[in-house]
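No value in this document is a laboratory result; all are computed from the given coordinates. Treat the numbers as computed from the prediction; the structure is a model and nothing was measured. So basically every Cβ, Gly included, is an ideal-geometry build from the backbone, and we count neighbours across all protein chains shown.
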Amino acid sequence: MGNIKKIETLNQKRKETMLGGGEKAIQKQKESGKLTARERIDLLLDKGSFNEYDLFAQHEGRDFGMSDKVLNGDGVIIGTGTVNGSPVCVFAQDFTVSGGSLGLMHAKKITKIMDVALNMRIPLIGINDSGGARIQEGVSALAGYGEIFYRNTQASGVIPQISVILGPCAGGAVYSPALTDYVFVVDKVSKMFITGPEVIKTVLGEEISMEDLGGARVHSEITGNAHFFAENEDDCFKQIRKLLSFIPHNNKKAAEEKETKMPALKLDINKIVPEDPTKPYDVRDVIKSVIDDSDFVEVQEKFAQNIVVGYGRINGKTVGFIANQPLYLAGVLDVDSSDKAARFIRYCDAFNIPVVTFVDLPGYLPGVDQEHAGVIRHGAKILYAYSEATVPKITVILRKAYGGGYIAMSSRHLNADFVYAWPTAEIAVMGPQGAANIIFRKEIMEAENPEEMRKQKVEEYKERFANPYVAAARGYVDSVIEPSETRNMLIHSLKICENKAEVKTEKKHGIPPF
Ligand code: HXC
């Protein structure tokens, strides 16, 4: 065969193989409201930057009629490309080929690209759309999953790992996304569960749709398994590209710096924090009024909304924000918000992203439900995460900082580098009402007018403790600042912390309250 013919043959083979499961299967994929694996890669990467590997890989299955079955690319596409000009690794399961089911070669392709990502220290993005372990390949398929989980764990904290759920992700397959850093889901497209509706019906006799069991909203709002929710696939890939512009691409590299732009939102104390301490406000307005261009990337926006976590830039550099949200459950810490914050803090620490904490909370959420759900164990995670983190930690107390909440939210005592308070801060063991009722109970009961006496004692308590000055007098607060000074204080403090070198106690690793 002449050279020209050989090249023609290559191009013909490429064309056929790149069709995946063929026209009919592609049609079915489209009819179910999904893009194809190749369209997804195109949306993710910079135009024309994709280099594919193992296009001609084939499975070696011999059982159940597999020996003469050709599965193009073995149901997964792998390769490298760029996002915003920076290199990334990607795999995308191709549902048109045997339902994107995972056999041994399929898994080998995934682990190959995972190895490239880890060796080259570049982010890994995995697009999941699969019926799970390829049933015909038995234990080989299970082995494949194990190899993936092992690599997810090795890569954790070294490179960002992003999972995109764009179809079914069932059974043990869910544990790869669960081991990665960010899970993206798309409304009505993503389905993620351990046991599907049919098993549930057989075992428990309960009927439930896939959507209600493990759809995008369920994982964004209830389980917290997803970190980003998108209305459609196009929006999803835009969100991934944006996130990648905010985070460092490995644990030794800083995030790309952007030109500094002043916040679009002005910090007007009278508009943001109401005079009445029982009234809520949106803490995202505080974040947006201190970050460049007010451009905030919120993580797990719809889950445990009593705490807000996400990224913004200050003077062009990425910062992680953790803020109690008075709009939701008064910003209390509970099981879910502790989990959410602790994980985010650990991520920032692993990737050297400074942490800024805004505090306004009445404490941990009381109640039998919370106690029985393990609020002690989960609540401890946030203490552990802050205490363990060696990145710059700057805290601003906006309003309430009561009890355990005061300690937990990156207090000086957990080794925060700088702690500031607004004049509206109230730092005490508990709120004035509760405190006055306990310590002045006798006086209130014995007074001629108990209500009047209660009011008087609440005022007395507020005067003495519900302010930032007692903590400032002890050096627990470094400076009481005007709200309008916050951005400049953060810029200055982050500069001071730039070469922070905190020595850790030597040990293999600690045992966090997982
Ligand atoms: C082999 C599979 C497959 C699988 C789907 N297919 N799942 N082949 N192994 N796990 C094939 C189908 O036979 C079909 O092949 C093609 O993919 C498309 O599947 P359909 O059923 O026609 O598609 P759809 O109606 O959209 O339904 C999708 C589905 C369903 C909901 C995912 O296919 C399904 O329930 N599959 C089985 C899911 C499952 O139980 N997986 C095992 C989980 S246990 P043809 O040739 O007709 O096109 C697991 C253990 C992992 O994963 C443990 C790791 C620790």
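Let me check I've understood the local charge: for Ile200, count other residues with C-beta under 15 angstrom from its C-beta, Lys and Arg +1, Asp and Glu -1. What total comes out? Kindly include the intermediate steps, with their values, before the conclusion.
Details: positive: Lys191, Lys201; negative: Glu198, Glu206, Glu207, Glu211, Asp212.
Every neighbour counted, the sum reads -3.
In percent, how large is the relative contact order of segment 330-396, given Cα pairs closer than 8 Å and 6 or more residues apart? Don't skip to the answer; put the middle values down first.
Details: 79 pairs, mean separation 36.9, N = 67.
For segment 330-396, the relative contact order is 55 percent.
To the nearest 10 degrees, how steeply does helix 104-120 sit against the main Cα axis of the chain, on a 0 to 90 scale?
50
Can you pull the percent of Cα pairs in the chain with separation above 39 Å?
On the way: 44302 of 131841 pairs.
So the pairs more than 39 Å apart make up 34 percent of the total in the chain.
Through the Karplus equation 6.51 cos²θ - 1.76 cosθ + 1.60, θ set to phi - 60°, convert the phi angles of segment 332-349 into ³J(HN,Hα) values in whole Hz; use x for Gly and Pro.
Running phi through 6.51 cos²θ - 1.76 cosθ + 1.60 with θ = phi - 60° gives 4, 8, 9, 4, 5, 5, 5, 4, 4, 5, 4, 5, 5, 4, 4, 5, 4, 5 Hz.
I need Phe95, Phe418 ordered by Cβ neighbour count within 10 Å, fewest first.
Details: Phe95 27, Phe418 21.
The order, fewest Cβ neighbours first, is Phe418, Phe95.
Against the longest principal axis of the chain, how steep is helix 233-246, in degrees 0 to 90 to the nearest 10, with axes from Cα atoms?
The two axes meet at around 60 degrees.
Here is the link list: Lys34/Lys261; Lys238/Lys393; Lys242/Lys507; Lys271/Lys302; Lys47/Lys495. Which ones come out longer than 26 Å on Cα distance?
On the way: Lys34/Lys261 38 Å; Lys238/Lys393 30 Å; Lys242/Lys507 37 Å; Lys271/Lys302 24 Å; Lys47/Lys495 37 Å.
Violating the 26 Å limit, Cα to Cα: Lys34/Lys261; Lys238/Lys393; Lys242/Lys507; Lys47/Lys495.
Round to a whole angstrom and tell me the spacing of the C-alpha centers of segment 1-80 and segment 458-506.
Cα centroid of segment 1-80 versus Cα centroid of segment 458-506: 57 Å apart.
Could you run the Karplus curve 6.51 cos²θ - 1.76 cosθ + 1.60 with θ = phi - 60° over segment 363-372 and give me ³J(HN,Hα) per residue in whole Hz, x for Gly and Pro?
Karplus-based 3J(HN,Hα) across segment 363-372 equals x, 7, 6, x, x, 4, 4, 5, 4, 6 Hz.
Using θ = phi - 60° and the Karplus relation 6.51 cos²θ - 1.76 cosθ + 1.60, list the HN-Hα couplings for segment 55-63 in order, rounded to whole Hz, with x at every Gly or Pro.
4, 8, 4, 10, 6, 10, x, 10, 8
222 nm [θ] for the chain, helices only, -39500 (n - 2.57) per DSSP H run of 4+, per residue, to 500? Mind showing how you got there, number by number?
Values: 20 runs with 196 residues, N = 514.
Taking each H run of at least 4 residues, the total per residue is -11000 deg cm²/dmol.
Listing Thr80, Thr153 from the residue with the fewest other Cβ atoms within 10 Å to the one with the most, what is the order?
Numbers: Thr80 19, Thr153 10.
Least crowded to most crowded, the residues run Thr153, Thr80.
Once the Cα gyration tensor of segment 152-228 is diagonalised, what are the square roots of 5 times its eigenvalues, in whole Å and ordered largest first, as equivalent ellipsoid semi-axes? The partial results should precede the final answer.
Values: eigenvalues 120, 37, 16 Å².
Output for segment 152-228: semi-axes of 24, 14, 9 Å.
Just for segment 273-395, what percent of DSSP beta bridges are antiparallel, to the closest 5?
Values: 11 of 19 bridges.
Antiparallel: roughly 60 percent of the beta bridges in segment 273-395.
I'm checking a number: the convex hull volume of the Cα atoms of segment 244-382, normalised per residue, in Å³. What is it? Before the final figure, lay out the partial values.
Working: hull volume 13.7 nm³, N = 139.
So the per-residue Cα hull volume is 98 Å³.
Using amide H atoms built in the peptide plane, which far-off residues or other-chain residues are under 5 Å from Thr395 H to H?
For Thr395, the qualifying residues are Thr357, Phe418, Val419, Tyr420.
With an 8 Å cut-off on Cα pairs and a minimum separation of 6 or more residues, tell me the relative contact order of the chain in percent. Don't skip to the answer; put the middle values down first.
Numbers: 1036 pairs, mean separation 40.3, N = 514.
RCO, the chain: 8 percent.
Once both axes come from the Cα atoms, what is the angle between helix 375-388 and the longest principal axis of the chain, in degrees from 0 to 90, rounded to 10?
Computed tilt is about 90 degrees.
Would you mind ranking Phe321, Phe296 by Cβ crowding within 10 Å, fewest neighbours first? Spell out each step's value before the answer.
Details: Phe321 27, Phe296 18.
Result, fewest neighbours first: Phe296, Phe321.
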